[in-house]
Amino acid sequence: MPPAASTIAPHTDAVFYFIYTVSLFFFTLIVLLMAYFVFRYRRRVEGERGPGRTTHHTALELTWTAVPLVLVVLMFYSGFRGFMNLMNPPAGALDIRVLGQKWLWSFTYPNGHVDTELHVPVDTPVRLTLESNDVIHSFFIPAFRIKRDAVPGRYNRIWFQATRPGEYLALCAEYCGTQHSDMLARVVVHEPGLYEKWLAEAADPFRTRSLAEVGQLLVAKRCGGCHSVDGSANIGPTFKGIYEHSVTLADGSTVVADDNYIRESILEPRAKIVRGYEPVMPTFKGQLKDREITAIIEYIKALSDEATKPRSDEGTEQ
Amino acid sequence: MKAVVSTFPRSHVAAAEAGAAGDNYLTHAHGIRSWLFTIDHKRIGVMYLVSILAAFLLGGIFAILVRTELLTPGPTIVSADNYNRFFTLHGAIMVFLVIIPGIPAALGNFVLPIMLGAKDLAFPRLNLFSYHLWVLGALLAVLAIVTGSVDTGWTFYVPYATTTGMGGVVPVLLGAFVLGFSSIFTGLNFIVTIHKLRPPGMTWFRLPLFLWALYATAVIQILATPVLGVTVLLLIVERVLGLGIFQPGLGGDPVLYQHFFWFYSHPAVYIMILPAMGIVSEIVSVFSRKHIFGYHFIAFSSIAIALFGFFVWGHHMFVSGQSNLVTTIFSLLTYSVSIPSAVKVFNWLATMHGGSISLRTPMLYTLAFIFIFGIGGLTGLFLGALAANVHLHDTYFVVAHFHYVMMGGTLIAMIAGIHYWWPKMTGRMYSERLGQLSFAAVFLGFNLTFFPQFIMGSHGMPRRYYNYPPQFEFLHQLSTVGSYLMTVGFVLIAVYLLHSLFAGRRAPANPWGGATLEWHCASPPPAHNFDEPPPAGDPYDFNDLEYDARIGGYVYGTRPVAADSEPT
Ligand SMILES: [Cu+2]
Ligand SMILES: [Cu+2]
């Protein structure tokens with residue numbers, strides 16, 4: 001089992017190791033008996049007969065029906081207790097909403113802030129409400145021993161209480177397509193008091209940063225899985241050098257990638273599809289605030305400025 | 001030889017020995033049409049075997065591609081989308097085309113009527129039809145590969161399966177639908193045959209345990225498979241016509257799909273494993289030369305597994321959001337299936353106790369089955385416990401668990417069965433030495449492939465991952481190396497079995513000393529198995545069988561039957 005960092009984890013591990021011990025005992029018993037019989041009663045001459053004559057023994061057979069029966073009822077019960085604990089969060093837990101979509105987790109905090117990282121205070125019960133807006137995903141934090149499906153059209157809940165400050169990994173455990181295995185999220189457990197500080201800062205990144213810097217952060221978190229900023233093609237086209245350049249669409253027409261086009265691409269990605277790409281971009285309507293969209297546009301613009309500058313330098317050299 | 005037969009007046013033995021020299025089911029008719037349109041259960045069984053092994057080759061190639069891709073995190077040999085196609089095709093082919101039909105359709109078809117003492121199945125034409133349906137299903141699967149393939153996983157979870165852009169989804173679903181009918185017809189045929197075609201004296205409790213297992217399997221095939229048919233049809237309707245059944249955007253419920261799917265697919269696990277257990281019961285007894293221990297417990301445990309198996313499907317959905325009450329009930333019921341399985345294992349061991357154990361290839365594979373199935377079954381206990389399931393669900397722990405059960409269990413037992421009945425089917429003996437060598441490669445390769453996956457899974461490595469955290473790289477590499485070793489073992493089996501067809505020693509009627517009726521026929525059996533119904537006795541009474549070194553097989557001896565005959 002991986003390192004344990006939640007209040008549930010030791011219980012789950014106890015269930016695991018209880019079953020492990022019982023299984024190991026029976027497995028060893030089976031293999032030893034098998035090996036012993038194979039050796040003791042090996043056939044030396046073809047056609048030889050062994051000494052045994054018994055064809056059944058009801059008392060013995062009832063014993064090896066009853067003993068496993070008792071053991072599995074114990075196993076059931078231990079697993080059941082842990083599960084009930086997992087399904088019933090204590091009152092007053094911190095509520096965080098988790099949205100799964102191809103191929104990104106996003107977390108909505110009580111103050112409305114949306115982030116791609118899960119930040120929680122240590123030693124505090126946290127209740128997650130999971131939903132999905134495309135296919136089924138499954139939110140899995142191995143260190144906390146929790147997992148729950150994010151199913152479109154319904155809300156699923158799970159809770160945990162982290163016991164050790166530090167960084168952990170959340171994964172997607174339900175197959176969801178091309179980047180299923182990259183649908184990861186960072187989980188940060190804060191020392192007492194630091195969570196509130198982080199949340200206040202994260203909720204208003206504009207206080208300390210320029211628009212383009214905020215845009216850079218947002219693109220890295222929200223768009224980086226599909227769009228590169230270095231000119232290489234990915235699931236989506238690169239952002240480098242597109243600003244105010246013309247783009248060929250799937251239907252053959254061209255448009256200029258100006259502010260309005262980029263805004264539309266973010267809010268209504270299906271409206272115009274770039275030639276050569278699949279229409280797989282999710283909408284960010286309701287997830288990015290106007291100011292954040294502006295920041296992203298500002299960053300894409302900055303990327304284009306960088307892209308054109310070196311070119312003019314080269315021109316003077318030649 | 002003549003003296004032996006006359007002192008033990010079983011006329012069919014004489015007929016069988018005569019048949020060996022002359023006409024048998026292989027030489028009875030000639031030409032490709034005499035095979036493709038035969039209604040002889042033996043020929044249909046052989047065709048199934050060949051076709052299923054071809055499908056196994058295809059599924060195996062995809063498995064090796066998947067394992068090779070996983071040698072390193074991130075891209076190794078193929079793109080993420082191709083990787084997703086490969087594991088989907090591997091799973092779908094192995095489950096629907098290989099493991100579900102494997103033992104019943106190939107070995108069961110060949111052996112069931114002979115073991116029973118019948119001339120054929122109850123409905124020979126239906127039997128041929130179900131083979132043709134299998135072929136159609138396989139062609140649809142190939143069609144799916146060429147029409148854009150599938151990337152849904154073999155489970156076709158909605159809404160992924162109704163929204164993915166890949167074009168092979170509908171053909172593959174149609175394939176599953178058609179294969180379902182093939183399976184239902186086979187089950188129907190087996191049930192009617194066992195009820196109606198038993199010769200005089202073949203009472204229910206003289207049925208060999210393999211037949212009890214096939215009977216229990218057939219019950220599941222008939223009751224569960226229609227639900228699969230309905231489910232995939234609904235899925236096709238939803239995908240093609242946009243009717244909202246499972247997709248939430250259209251007003252459906254994706255978890256409902258999972259209920260439907262697992263209502264079939266969990267019992268399907270028992271369609272896979274019960275016949276395997278049946279083979280093991282036969283081989284353990286014959287190669288220990290000792291009466292099977294606890295016949296009744298084993299027979300009833302097959303039926304119990306078949307029944308309990310219907311009430312546990314919800315254990316695939318412990319984290320999907322079904323209600324806590326339902327989840328709890330399913331967890332409890334899941335454990336009920338473990339009891340009859342445990343009973344069988346202990347009974348097999350007790351059968352070996354005091355026997356005379358011969359480690360020929362079929363027995364080696366059978367012991368491998370007990371070892372591997374032991375691990376597969378015991379790891380199921382972890383998954384049944386709710387708290388542990390929450391952590392282990394959808395990780396490599398599950399992947400390892402079901403490979404230990406489905407591949408290490410069903411497939412290894414099928415290999416044991418192929419080696420056991422090979423002399424009967426082909427009339428030839430294979431090289432024992434190479435058989436033992438192949439066992440070593442397959443057994444070691446198997447455990448090397450899948451054991452590390454338990455460790456990865458318990459440490460939180462999710463399944464169906466193209467990319468993975470670097471901490472798992474070493475274990476993934478071990479697993480891949482194991483899969484290569486196993487491949488070597490399979491290739492070796494193919495080589496020596498094919499070789500035996502041309503150069504193998506001619507097989508005697510009863511090379512291993514089995515007491516079930518198929519060993520009373522010549523090897524290979526004549527076209528109509530028996531001229532008159534054979535006398536059915538205790539299928540595990542080896543007392544009258546004597547080894548005859550001149551023919552390298554067992555014959556019914558002259559010792560008085562009553563002397564040490566024993567009650568069952
Ligand atoms: Cu996923
Ligand atoms: Cu199941």
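Values in this text are rule-based calculations from the coordinates and carry no lab data. This structure is a prediction, so every number in the text was calculated from the model and none was measured. Cβ: placed from backbone, ideal geometry, glycine included. Neighbour counts: every protein chain shown.
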- Extension gain, A:Ser228 back to A:Arg53 (0.36 nm per residue minus Cα-Cα distance, nm): 55.5 nm
- Query: Per 10 Å bin, what percent of the C-alpha pairs of region B:206-351 does each bin hold, from zero upward?
  - Reply: 11, 33, 28, 17, 8, 3, 0
- Note on the structure: Once normalised by the length of region B:248-390, the mean sequence separation of its alpha carbon contacts under 8 Å that are 6 or more apart gives a contact order in percent of 33 percent
- Taking every C-alpha to C-alpha distance in the protein assembly as shown and binning by 20 Å from 0, the per-bin percentages run 14, 43, 28, 12, 3, 0
- Please report B:Lys344, A:Lys197 as a ranked list, fewest other C-beta atoms within 10 angstrom at the top and most at the bottom. A:Lys197, B:Lys344
- Rounded to the nearest 10, the angle in degrees between the Cα long axis of helix B:11-21 and the longest principal axis of the Cα atoms of chain B comes to 70 degrees
- Which value in nm describes the separation of the simple spin-label points at A:Ala220 and B:Phe205, placed 7 Å from the Cα toward the beta carbon? 7.6 nm
- Note on the structure: When A:His180, A:His245, A:His119 are ranked with the fewest other C-beta atoms within 10 Å first, the list becomes A:His245, A:His119, A:His180
- Item | Helix axis angle, B:295-308 relative to chain B longest principal axis, alpha carbon, degrees | 20 degrees
- Task: State, in angstrom, two size descriptors of chain B derived from its alpha carbons: Rg to one decimal place and Dmax to the nearest whole number.
- Result: 23.6, 79
- Query: Helix B:169-196 versus the longest principal axis of chain B: what is the Cα-based angle in degrees, 0 to 90, to the nearest 10?
  - Reply: 30 degrees
- Message: Sorted from largest to smallest, which semi-axis lengths in Å does the alpha carbon gyration tensor of region B:49-189 give for its equivalent ellipsoid, taking the root of 5 times each eigenvalue?
- Response: 33, 17, 10
- Rounded to whole angstrom, the alpha-carbon centroid of region B:105-119 lies from that of region B:414-450 at a distance of 21 Å
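Relative contact order for chain B: what is it in percent, counting Cα pairs under 8 Å that are at least 6 residues apart?
20 percent
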- Message: Quick check: the distance between the Cα centres of region B:286-303 and region B:167-240, to the nearest angstrom?
- Response: 25 Å
- Based on the Cβ-Cβ distance from B:Thr147 to B:Phe502, what FRET efficiency comes out when R0 is 41 Å, to the nearest 0.05? 0.55
- Which cross-chain or sequence-distant (5 or more) residues have an amide H under 5 Å from the amide H of A:Leu94, H modelled 1.01 Å from N in plane? A:Val126, A:Arg127
- Helical mean residue ellipticity (222 nm; -39500 (n - 2.57) per DSSP H run of 4+; nearest 500) of the protein assembly as shown: -18000 deg cm²/dmol
- What is the distance, in nm, between label points placed 7 Å from the Cα along the Cα-to-Cβ direction at A:Ala203 and at A:Asp251? 4.3 nm
- Task: Classify region A:65-196 as rounded, prolate or oblate from the Cα gyration tensor: take a ≥ b ≥ c as the square roots of its eigenvalues, call it rounded if a/c is under 1.5, otherwise prolate when a/b beats b/c and oblate if not.
- Result: oblate
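Taking only C-alpha pairs under 8 Å that are 6+ residues apart, what is the relative contact order of chain A in percent?
14 percent
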- Note on the structure: If the label point sits 7 Å along Cα→Cβ of B:Ala494, residues of region B:406-423 with amide N under 16 Å come out as B:415
